[in-house]
Amino acid sequence: MSQAEHGDLSLKDYKDIWTKFCFLDETGSLSAKQQPLFTVGILKLTQPYYLYNKIQYERSVRHFYDEMKFNLLSKNNIEFAKFVIESVLEARSLCFYSYSLDKEGDYFRRTFGDDPWQAYEDISLRLLDSALSPSEILILIADHVTTPKNIRYEVSVKKRMNEKHKRLVLAGVSRFDSRGNDLLQVVDLLIGIVSYDLKMEYGLIENPSKYKKELVDFFKQQIGAKNFCEGFRSRSFNIFVDKDSKNRRKEKGLSS
């Protein structure tokens, strides 16, 4: 067994090292009280070019150049959104990880209090830990979020991740505006689907959007999921829902 298989990597093991690109986005606002659920997701790819190129080609065929965003789903873009979901499911060496938590729950209040940026950083690290495999070095590309000047997300996430694993596991972190990055927009669709399904199951949406529900149902049918209240796990998808979020469904059941 090589050093790389043990996780003890060095530069001479370059043939055994996998470099993976991780695209991270979030849905919901950590500071908005009217949005109790918060979901962060990571799309991990070995060669993001293939999925990106497929989406770009289809954009040119359909003459569709708008931003892909779950909250903007309509009759004009639902079919393109379905194409993107199908492309994700057909892609090789692709994994998706998401973490949903209830901001009104005991865990969030106890762990993060009134520090939403610490929560965002810690959840990012938790997802990166889930995504990391032996013999891998990750590169994180995250959606740009306006933060206070004292927040150094890129520096802190890289430092904490590498110090925890005592080797170079995260080569770099950079944030970009998702409006110019199709793969960040893919993550927006996926976490939007997960979050919207949870909101519908918890009774947080009185009149679900026809097109949002259509994409949620389409995705669940494709991967064989009934709903995401208890999370979901398969070879390519690891959808985690915290205990406080799950309790919302139990409370809904008791009151209905």
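The table that follows gives values for the structure above.
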| item | result |
| --- | --- |
| Matching residues, the range 82-117, being in contact with a Ser or Thr (Cβ under 9 Å, 6 or more places away or on another chain), at pLDDT below 90 and hydroxyl-bearing (Ser, Thr, Tyr) | none |
| Filter result for residue 236 (closer than 23 Å to residue 126 by Cα and out of contact with any Phe, Trp or Tyr (no Cβ under 6 Å at 6 or more places or on another chain)) | yes |
| Residue within the range 69-77 that is over 18 Å from residue 196 (Cα atoms) and surrounded by 12 or more Cβ atoms within 10 Å (Cβ to Cβ) present | no |
| Residue within the range 34-50 that is surrounded by fewer than 19 Cβ atoms within 10 Å (Cβ to Cβ), modelled with pLDDT of 95 or more and aromatic (Phe, Trp, Tyr) present | yes |
| Residue count for the range 110-151, restricted to those that are charged (D, E, K, R) and in contact with a helix residue (DSSP H, G or I) (Cβ under 9 Å, 6 or more places away or on another chain) | 4 |
| Boolean, residue 90 is touching a residue at least 12 places away in the same chain (Cβ under 8 Å) and more than 24 Å from residue 173 (Cα to Cα) | no |
| Residue that is surrounded by the fewest Cβ atoms within 10 Å (Cβ to Cβ) [pool: residues in the range 133-156 that are of a type in the set (Ser, Thr, Tyr) and within 24 Å of residue 36 (Cα to Cα)] | 146 |
| Single residue of 64, 83 found to be without any contact (Cβ under 8 Å) to a residue 60 or more places away in the chain and either in a helix (DSSP H, G or I) or under 22 Å from residue 238 (Cα atoms) (or both) | 83 |
| Where a residue in the range 123-146 is under 29 Å from residue 12 (Cα atoms) and its partner, wherever it lies, is of a type in the set (Asp, Glu) and buried (at least 19 other Cβ atoms within 10 Å of the Cβ), with Cβ under 7 Å and at least six apart | none |
| Top-ranked residue of the range 189-228 - restricted to ones that are among the β-branched types (Val, Ile, Thr) and in contact (Cβ under 8 Å) with a residue 40 or more places away in the chain, ranked as surrounded by the most Cβ atoms within 10 Å (Cβ to Cβ) | 194 |
| Unique match (being more than 18 Å from residue 191 (Cα to Cα) and either within 16 Å of the chain's Cα centre (by Cα) or assigned to a loop (DSSP other than H, G, I, E, B) (or both)) among 76, 53, 71 | 76 |
| Search result, residues across the range 83-132 that are crowded, with 19+ Cβ neighbours inside 10 Å, hydroxyl-bearing (Ser, Thr, Tyr) and closer than 19 Å to residue 153 by Cβ | 97, 98, 99, 120, 124 |
| Residue satisfying condition, being under 17 Å from the mean Cα position of the chain (by Cα) and among the acidic types (Asp, Glu), within set 66, 102 | 102 |
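The values are calculated or read from the model by the stated rules, or taken from the named source; none is laboratory data. Not measured: the values here are computed from a predicted model. Heads up, the Cβs are rebuilt from the backbone with ideal geometry, glycines too, and the neighbour counts pull from every protein chain shown.
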